[in-house]
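Let me begin by presenting the structure, written as structure tokens, before commenting on it.
The values are calculated or read from the model by the stated rules, or taken from the named source; none is laboratory data. Keep in mind the model is a prediction, meaning the values are calculated, not measured. Here Cβ is always computed from backbone atoms with ideal geometry, including for glycine, and neighbour counts include all displayed protein chains.
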Amino acid sequence: MPDGAFQQCINPACRSTYGVEEIHVSCPQCGSLLDIAYDWNKLSPPKSLKDFERRWATKGTDTSGRLDFSGVWRFRELMPFFRTEDDIVSIGEGRTVLQTADLLGRHVGMKPGKLQLQYEGLNPSGSFKDNGMTAAFTHARIVGAKKVACASTGNTSASLAMFASLSEMQGVVFIGSGKISFGKLSQALDFGALTLQIKGDFDACLKRVRQIAVEVPQVGIYLMNSVNPFRLEGQKSIMYRILEARDWNVPDWIIVPGGNLGNCSAFGKAFAELKQLGLIDKIPRLCIVNAAGANTLFELVNQHGLKWNGGNVDEATVGNYYAAMDKAGKRAHTIASAIEIGRPVNLNKALRAIDVMNGVVVQSDDEEIREFRAAVARWGFGCEPASAASVAGLSQLLKNGTISPSDDVVCILTGHELKDPNETVRYHTGIDMKSVQDSAPRTKPTGKLANQPIVVDDSLEAIVRALGSDPSVLKGVTFEEPVSTLPVKEY
Ligand code: F0G
């Protein structure tokens, strides 16, 4: 294993370390999140970010050519957790563009040249998730994983399914009932992942898959959600590409939608490391945008004053918040289905990113998200609803004077416009394709590669059975009953 890379607990009272060849989704000592950490003195970080430019002309033939071609791995010295370059699982991810968006900029009130959009929808599976998947699959290959799984609002599952099919691993995806856009569901099915449609929401799915990965090792699941710290290593590269496209000039603001809070956490880590290495002298400010119907971070930060506080996060405040949420039966609900998440697992890392990047958190309601999604498409390449939350957030910060029209602002467009065509069709024609879908005639699929989703109760036993294991493997495992069972519309 590489000397100088290790896993480390983010809790300052613990700080336990583990080898990168180990598999953990939280600290075995204290349960906190883990980071991939580096002892840079034992590694060969670049002396200057410009060093990366020589890779632009490499042909994608030999091993390093393949890696130079990837928009993630061409920055591999900044995520050096792999043993050899042969370990790396890459499908040509991260070749995305930063586009100066003057027409959209004028619409929201920015000066010419000042608003840029980072189109992460141009990744192979159509969302930013490929940046993290390539890193997590690299780790999965290093540890010899065969079965990889995630809970997802859609994009993680599409990305996992694509990487799994190309690297001959069995992909398993857990999706909440009726919560996933057709564009994303069709990808998971098409790439051959075992697709379990759980009668619960995203938060329930994540709880189940995480428990099986950790407590029922006999099922042999390697967890690919963003609690997997290797995912976030790959997602740092979005920031490197933005700097590269700006000739290494750091912008004033990065604005990103927040769901499970993995992406914003990775951004904070990227900038903290670049600063530590002396590769940049300024850190941009961060704005995380929640959907108003899934606004846990917004409320905890702005109404309950939750802070990173040197890693001593006030867990009682978080616990009380979730208890109140459960008591009131409150569930995340927004048309931006990608970020419809009530219990973001990377909460503490997001608080750290806010600390590192002097960040703010705002929320946008569904009407704003709808209008800004349409505006992005009208004056750009388009994006899915959740992505447009970033532009909606910018508009708010311009109105309240936090951002000036002459600031350099980059909005991250996390997913492709074609991920969720229902919303686009509904916006322009008033036709609700989802209700058409409910009354559509059904026939049994007969295609040779047909891969139907399987509806499963929100129960550990039913899920383990669906995964092909005998429920006796659950002996001694305690599990909670679902908070409530959601009705499932079969696809
Ligand atoms: N935008 C899109 C298009 C997403 O799919 C997601 C997350 C986010 C933003 C939020 O990113 O979770 O890192 O804060 N989608 C996950 C999924 C949850 O399962 O595909 P985050």
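Of all residues in the range 362-390, which are surrounded by 17 or more Cβ atoms within 10 Å (Cβ to Cβ), of a type in the set (Lys, Arg) and more than 13 Å from the ligand (Cβ to nearest atom)?
If the condition is that a residue be surrounded by 17 or more Cβ atoms within 10 Å (Cβ to Cβ), of a type in the set (Lys, Arg) and more than 13 Å from the ligand (Cβ to nearest atom), then ARG370 is the only one that fits.
Can you go through GLY132, GLY220, GLY192, GLY144 and tell me which one is within 14 Å of the ligand (Cβ to nearest atom) and small (Gly, Ala, Ser)? Step through it out loud before you land on a result.
Details: GLY220 fails: within 14 Å of the ligand (Cβ to nearest atom); GLY192 fails: within 14 Å of the ligand (Cβ to nearest atom); GLY144 fails: within 14 Å of the ligand (Cβ to nearest atom).
Checking each option against the conditions leaves just GLY132.
Within the range 303-322, can you find the residues that are of a type in the set (Phe, Trp, Tyr) and either assigned to a loop (DSSP other than H, G, I, E, B) or crowded, with 21+ Cβ neighbours inside 10 Å (or both)? Break it down stepwise before answering.
Filtering the range 303-322 down to residues of a type in the set (Phe, Trp, Tyr) leaves 308, 321-322.
Selection gives TRP308 alone.
Would you pick out the residues in the range 76-108 that are surrounded by 19 or more Cβ atoms within 10 Å (Cβ to Cβ), touching a Lys or Arg at 6+ places or on another chain (Cβ under 8 Å), touching a residue at least 12 places away in the same chain (Cβ under 8 Å) and not aliphatic (A, V, I, L, M)?
Correct list: PHE82, SER90, GLY94, THR96.
Say we look at the range 323-346 and pick out the residues that are of a type in the set (A, V, I, L, M, F, W, C) and not in a helix (DSSP H, G or I); which of these is farthest from the ligand (Cβ to nearest atom)? Walk me through how you get there before you give the answer.
Just the residues of the range 323-346 that are of a type in the set (A, V, I, L, M, F, W, C), to begin with: 323-325, 328, 332, 335-336, 338-339, 341, 345.
In the following step, the residues that additionally are not in a helix (DSSP H, G or I) were identified as 328, 332, 335-336, 341, 345.
Values: ALA328: 23, ALA332: 11, ILE335: 13, ALA336: 8, ILE341: 6, VAL345: 9 Å.
Applying the filter and picking the extreme gives ALA328.
Test each condition in (1) out of contact with any Gly (no Cβ under 6 Å at 6 or more places or on another chain); (2) crowded, with 18+ Cβ neighbours inside 10 Å for LYS399 and report the one that comes out false.
Result: LYS399 passes all but (2).
Among the residues of the range 6-54, which ones are part of a loop (DSSP other than H, G, I, E, B), among the hydrophobic types (A, V, I, L, M, F, W, C) and over 19 Å from PHE230 (Cβ atoms)? Spell out how you get there, then give the answer.
In the first step, residues of the range 6-54 are kept if they are part of a loop (DSSP other than H, G, I, E, B); the result is 10-16, 20-33, 39, 43-48.
Keeping just the survivors that are among the hydrophobic types (A, V, I, L, M, F, W, C) gives 10, 13-14, 20, 23, 25, 27, 30, 33, 43.
Once the filter is applied, which keeps residues that are part of a loop (DSSP other than H, G, I, E, B), among the hydrophobic types (A, V, I, L, M, F, W, C) and over 19 Å from PHE230 (Cβ atoms), the range 6-54 yields ALA13, CYS14, CYS30.
Looking only at residues that are of a type in the set (D, E, K, R) and within 13 Å of the ligand (Cβ to nearest atom) in the range 158-189, which one is modelled with the lowest pLDDT?
Within the range 158-189, the first condition is being of a type in the set (D, E, K, R), and the residues that meet it are 168, 179, 184.
Those still in the list that are within 13 Å of the ligand (Cβ to nearest atom) too: 179, 184.
Values: LYS179: 68, LYS184: 95.
So, considering only residues that are of a type in the set (D, E, K, R) and within 13 Å of the ligand (Cβ to nearest atom), the one modelled with the lowest pLDDT is LYS179.
List the residue pairs whose Cβ atoms are under 7 Å apart, where the first residue sits in the range 234-254 and is assigned to a helix (DSSP H, G or I), the second is within 16 Å of the ligand (Cβ to nearest atom) and of a type in the set (Val, Ile, Thr), and the two are 6 or more positions apart or on different chains.
Correct list of pairs: GLY234/VAL72; GLY234/THR134; SER237/VAL72; ILE238/ILE412; ARG241/THR96; ILE242/VAL410.
Could you identify the single residue in ASP3, ASP68 that is surrounded by 15 or more Cβ atoms within 10 Å (Cβ to Cβ) and either of a type outside the set (Val, Ile, Thr) or within 23 Å of MET224 (Cβ to Cβ) (or both)? Lay out the reasoning, then the answer.
Working: ASP3 fails: surrounded by 15 or more Cβ atoms within 10 Å (Cβ to Cβ).
The match here is ASP68.
Could you list, in sequence order, the residues of the range 71-127 that are under 26 Å from GLU168 (Cα atoms), in a helix (DSSP H, G or I) and not small (Gly, Ala, Ser)?
Within the range 71-127, TRP73, ARG74, PHE75, ARG76, GLU85, ASP86, ASP87, GLU120, LEU122 meet the criteria.
Given the criterion without any contact (Cβ under 8 Å) to a residue 60 or more places away in the chain and over 21 Å from GLN235 (Cβ atoms), identify the matching residue among GLY342, GLY329, GLY401.
Values: GLY342 fails: without any contact (Cβ under 8 Å) to a residue 60 or more places away in the chain; GLY329 fails: without any contact (Cβ under 8 Å) to a residue 60 or more places away in the chain.
After applying the criteria, what remains is GLY401.
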